[in-house]
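Colleague: The structure that follows is given in the form of structure tokens.
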Amino acid sequence: MKVENKFALIKENIEAACKRANRKQEDVTVIAVTKYVSTERALEALNSGIEHLGENRDDGLTSKWEVLGDRPVWHFIGTLQTRKVRNIIDKVTYIHSLDRLSLAEEIQKRAKTSIKCFVQVNVSGENSKHGIDPENVISFIRQLDSFTNIQIVGLMTMAPNTENQTVLRNCFRRLKELQKEVKGLNLEYAPCNELSMGMSNDYMIAIEEGATFIRIGTALVGE
Ligand SMILES: *Cc1c(COP(=O)(O)O)cnc(C)c1O
């Protein structure tokens, strides 16, 4: 199916979820996750009106960036090895996977301008998931006050791989609560207005629980 048609369906679902949650549709930004697909398919997404692209590997991002340049807003969404930071830092606007101090130090060192970062939180507690434990998020963010090249725009999580709607909803709800806590600190470098949560299988629940960025691969551009 054309990206255009898939995007039309997703937009209808976003509209419905926003209505249920009494939210504005324009407060939800779709990131097309292009990690499984070709540069041509990523270009098709841009031509369908999608403005944000997400990649989870430095080489995937770089090869598409070489063709598409700065036309999309680039998001790095995957686990980021410290030594890979220099490969992506001049290409991305957002990093969704800030999960440790050593990574923050490397971003601080390599970035030429302030990078919008999400702190990745392991809400579900699954060992396979990266991210900071919820109880350590505040102290982690407090440690970033001298990092002039890092702005904490929000929190990010990956929900557990389950069909159980209650489990998914509770996960997103917990991240929203944490976001409010961080916001309440009133730190200039951590406005924390955004929530990056929701993927192909759970984005509607995520929107109902407050997602402002949803990251969709399979359902939007294909596997
Ligand atoms: C792959 C990936 C997605 C998109 O997953 P889909 O289920 O294909 O929509 C979202 N977020 C992250 C961090 C990913 O790695």
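The values are calculated or read from the model by the stated rules, or taken from the named source; none is laboratory data. Since this is a predicted model, take the numbers as computed values, not measurements. Methodologically, a virtual Cβ is constructed for each residue, glycine included, from the backbone with ideal geometry; neighbour enumeration extends over all protein chains shown. Note: areas computed on protein heavy atoms with side chains; ligands, DNA, RNA excluded. Shrake-Rupley method; radii C 1.70, N 1.55, O 1.52, S 1.80 Å.
Colleague: Build a GNM of the chain with springs between Cα atoms under 10 Å: which of A21, A32, A45 gets the top mean-square fluctuation?
Modeller: A21
Colleague: Take the Cβ-Cβ distance between D59 and T93 as r, set R0 to 25 Å, and report the resulting FRET efficiency rounded to the nearest 0.05.
Modeller: About 0.85, to the nearest 0.05.
Colleague: Another question, then. For the chain, with only Lys/Arg (+1) and Asp/Glu (-1) charged at the beta-carbon, what is the dipole magnitude about the Cα centre, in debye rounded to 20?
Modeller: 140 debye
Colleague: I'd like to know which of I88, Q108, V33 lies farthest towards the positive end of the charge dipole of the chain, counting +1 on Cβ of Lys and Arg and -1 on Cβ of Asp and Glu.
Modeller: Going by the charge dipole, the pick is Q108.
Colleague: If you don't mind, another one. So if R0 is 35 Å, what FRET efficiency would K112 and D133 give, r being the distance between their Cβ atoms, rounded to the nearest 0.05?
Modeller: Working from the Cβ atoms, E equals 0.65.
Colleague: Report the local net charge at T148: Lys and Arg +1, Asp and Glu -1, summed over other residues whose C-beta lies under 12 Å from its C-beta.
Modeller: With Lys, Arg at +1 and Asp, Glu at -1, the net is 0.
Colleague: Springs between alpha-carbon atoms under 10 Å, Gaussian network over the chain: tell me which of N164, N47, N193 tops the mean-square fluctuations.
Modeller: Judging by the Gaussian network model, the answer is N164.
Colleague: I would also like to ask the following. What do you get for trypsin sites (Lys or Arg not before Pro) in segment 91-141 restricted to DSSP loop and a cutoff of at most 12 other Cβ within 10 Å of the site's Cβ?
Modeller: Sparse-neighbourhood loop trypsin sites (Lys or Arg not before Pro): K112.
Colleague: When the helix-only estimate is applied to the chain (DSSP H runs of n ≥ 4, each -39,500 (n - 2.57), divided by the residue count), what is the mean residue ellipticity at 222 nm, nearest 500 deg cm²/dmol?
Modeller: Mean residue ellipticity at 222 nm (helix-derived): -11500 deg cm²/dmol.
Colleague: Another question, then. Taking all protein chains in place and a 1.4 Å probe, what share, in percent, of the accessible surface of segment 73-142 do carbon and sulfur account for?
Modeller: Carbon and sulfur together cover 42 percent of it.
Colleague: So, one more: What length, rounded to one decimal in nm, is gained on full extension from E105 through to E163, with 0.36 nm per residue of separation minus their alpha-carbon distance?
Modeller: 17.2 nm
Colleague: Here's something else I'd like to know. For the chain, modelled as a Gaussian network with Cα springs under 10 Å, which listed residue fluctuates most, F147, F172, F213?
Modeller: Highest fluctuation of the listed residues: F147.
Colleague: Could you give the size of the charge dipole of segment 1-126 about its Cα centre, using +1 on the Cβ of each K and R and -1 on the Cβ of each D and E, expressed in debye and rounded to the nearest 20?
Modeller: The dipole magnitude comes to about 160 debye.
Colleague: Considering only L155, F140, L61, whose Cα is most displaced toward the positive end of the charge dipole of segment 3-216, charges sitting on Cβ of Lys, Arg (+1) and Asp, Glu (-1)?
Modeller: Selected residue: F140.
Colleague: Quick check: net charge around E15, other residues with Cβ under 11 Å of its Cβ, Lys/Arg +1 and Asp/Glu -1?
Modeller: Residues close to E15 contribute a combined charge of +3.
Colleague: What's the local net charge at L80, with K and R +1, D and E -1, over the other residues with C-beta under 12 Å away?
Modeller: Net of charged neighbours comes to +2.
Colleague: Just from the alpha-carbon atoms, what are the Rg and Dmax of the chain in angstroms?
Modeller: 16.5, 47
Colleague: Using alpha carbon centroids, what distance separates segment 104-159 and segment 161-182, in Å?
Modeller: Between the Cα centre of segment 104-159 and that of segment 161-182, the gap is 17 Å.
Colleague: Taking a probe of 1.4 Å, how large is the accessible area per residue of segment 3-216, in Å²?
Modeller: Dividing the accessible area of segment 3-216 by its residue count gives 47 Å².
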